[in-house]
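Written below as structure tokens is the structure these notes are about.
Taken together, the values in this text are just the output of simple stated rules run on the coordinates, not laboratory data. Computed from a predicted structure; not experimentally measured. Cβ coordinates were reconstructed from backbone atoms using ideal geometry, including for glycine residues, and neighbour counts include every protein chain displayed.
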């Protein structure tokens with residue numbers, strides 16, 4: 001699986017947009033970028049995923065660079081409830097398991113929303 | 001629509017004992033995976049079950065075993081517990097998409113296991 005690099009921690013003021021970067025310079029052509037977050041002592045929560053186009057849902061936006069070597073997760077109006085560890089994951093491309101690959105988590109970015 | 005449910009939420013076991021954790025997948029999902037999350041670390045993949053068979057396995061010893069039932073629910077069994085097995089055990093469910101683009105995986109709230 002392609003590895004990802006994320007800053008260990010970030011702060012963001014409440015009400016502002018939180019922009020979380022992720023580098024994945026070794027990503028393969030058909031590997032997806034997934035984002036999950038984990039609020040303390042809870043299970044990881046799916047946020048969004050994408051291949052090459054920008055994606056948006058009710059939770060966040062995902063911006064993937066044209067060369068696909070990096071991406072940014074955007075929480076448009078951060079609230080205190082967005083304080084969590086955010087994981088950027090590049091989904092593996094094992095042909096034998098294509099479509100059902102496991103998730104390989106790193107250490108993520110600890111995002112703290114400041115009142 | 002119920003999400004992924006796990007039981008028990010917390011339990012304490014003694015070294016050498018055996019433990020069974022249970023998981024019901026999200027409605028409509030047929031694939032169940034288990035992850036172990038030690039304190040301060042990201043979740044680590046243990047194994048995945050589909051059609052009552054283990055389909056993928058991570059780097060975990062044979063003391064970790066699982067089962068999937070016809071209704072897609074699953075159990076994780078750990079034998080001969082070690083202190084290092086203390087962790088949050090997460091169940092994740094998804095819909096099989098073999099040959100298609102990646103599916104979305106949903107996690108339960110986990111079972112906290114403490115081995116003393």
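A few remarks follow.
- Across the range A:11-115 the C-alpha pair distances fall into 5 Å bins from zero in the proportions 2, 13, 23, 24, 20, 11, 5, 2, 1, 0 percent.
- Calculated FRET value between residue A:63 and residue A:112, using beta carbons and R₀ = 22 Å, to 0.05: 0.50
- Measure of compaction for the range B:1-68 (Cα Rg per 2.2 N^0.38 Å): 1.19
- Enclosed volume per residue, in Å³, of the convex hull spanned by Cα atoms of chain B: 102
- Normalised Debye scattering of the protein assembly as shown at q = 0.12 Å⁻¹ gives log10 I(q)/I(0) of -0.67, counting only Cα atoms as equal scatterers and leaving out solvent.
- Value in Å of the Kirkwood radius, where the range B:63-116 supplies the Cα pairs that are averaged: 13.3
- Across peptide A:34-43, the average count of Cβ atoms from other chains found within 10 Å of a residue's Cβ is 4.
- Sorted peptide list for B:24-31, A:81-88, criterion being average Cβ within 10 angstrom, highest first: A:81-88, B:24-31
- Partner chain coverage, peptide B:53-66 - average Cβ within 10 angstrom: 1
- Convex hull projection area averaged over all views, the range A:20-81, Cα basis, nm²: 4.7
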